[in-house]
1. Exactly one condition in (1) in a strand (DSSP E or B); (2) out of contact with any strand residue (DSSP E or B) (no Cβ under 8 Å at 6 or more places or on another chain); (3) closer than 22 Å to E17 by Cβ is false for E112; which is it?
2. Within region 106-121, how many residues turn out to be buried (at least 16 other Cβ atoms within 10 Å of the Cβ), among the hydrophobic types (A, V, I, L, M, F, W, C) and under 17 Å from H68 (Cβ atoms)?
3. Going residue by residue through region 34-44, is there one that turns out to be closer than 21 Å to E112 by Cβ, out of contact with any Phe, Trp or Tyr (no Cβ under 9 Å at 6 or more places or on another chain) and among the aromatic types (F, W, Y)?
4. Hey, could you check region 36-52 for residues that are in contact (Cβ under 8 Å) with a residue 60 or more places away in the chain and either surrounded by 15 or more Cβ atoms within 10 Å (Cβ to Cβ) or among the hydrophobic types (A, V, I, L, M, F, W, C) (or both) and say which is nearest to L121 (Cα to Cα)?
5. Regarding region 90-105, can at least one residue be identified that is closer than 13 Å to G54 by Cα, within 11 Å of the chain's Cα centre (by Cα) and surrounded by 17 or more Cβ atoms within 10 Å (Cβ to Cβ)?
Amino acid sequence: FGELVTEWLDPSLLQGEVVSDGPLAATEMSMEVAQMLRDAGPWGQMFPEPLFDGRFRLLQQRLVGERHLKVMVEPVGGGPLLDGIAFNVDTSIWPDNGVREVQLAYKLDINEFRGNRSLQLIIDHLWPN
């Protein structure tokens, strides 16, 4: 079994590193770009949805449900205020009101709720800066 896993598994998956498509410019953090990314799918194995990274000011944070962290962030270099959500966070670490800046790895998405559409970051990884 181990030999088969080694043969088929991408070694980078075992390194604990996050592979990103890089940062987005503030002007790219928009509904238009999020819609273009949605339309570019479908995403799947060997063709993952784009994952971006960047440094953000952490303006608000709160738990929703039992383990999901809802945040409002702003790019460190300036840009739009953005809502984000990180699912299944370690609640022994988050929320942490002492953290003012974070590094995020995220997907740019559109939140559709009760007929309203808004830009949202789906946060895959979250680190205090």
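1. With respect to (1) in a strand (DSSP E or B); (2) out of contact with any strand residue (DSSP E or B) (no Cβ under 8 Å at 6 or more places or on another chain); (3) closer than 22 Å to E17 by Cβ, E112 is out only on (3).
2. So the answer is 1.
3. Looking through region 34-44, at least one residue is closer than 21 Å to E112 by Cβ, out of contact with any Phe, Trp or Tyr (no Cβ under 9 Å at 6 or more places or on another chain) and among the aromatic types (F, W, Y).
4. We begin by selecting, within region 36-52, every residue in contact (Cβ under 8 Å) with a residue 60 or more places away in the chain; these are 37-38, 51.
In the following step, the residues that additionally are either surrounded by 15 or more Cβ atoms within 10 Å (Cβ to Cβ) or among the hydrophobic types (A, V, I, L, M, F, W, C) (or both) were identified as 37, 51.
Values: L37: 13, L51: 10 Å.
So the residue we want is L51.
5. Step one: list which residues in region 90-105 are closer than 13 Å to G54 by Cα, which gives 101-105.
Filter again for within 11 Å of the chain's Cα centre (by Cα), leaving 103-105.
Checking the rest, the ones that are also surrounded by 17 or more Cβ atoms within 10 Å (Cβ to Cβ) come to 104-105.
Checked region 90-105: at least one residue is closer than 13 Å to G54 by Cα, within 11 Å of the chain's Cα centre (by Cα) and surrounded by 17 or more Cβ atoms within 10 Å (Cβ to Cβ).
Read-outs throughout are calculated quantities, based only on the coordinates presented, and are distinct from any laboratory measurement. Here the structure is a predicted model, which means the values were calculated and not measured. Glycine also receives a Cβ, built like all others from the backbone with ideal geometry; neighbour counts cover every protein chain displayed.
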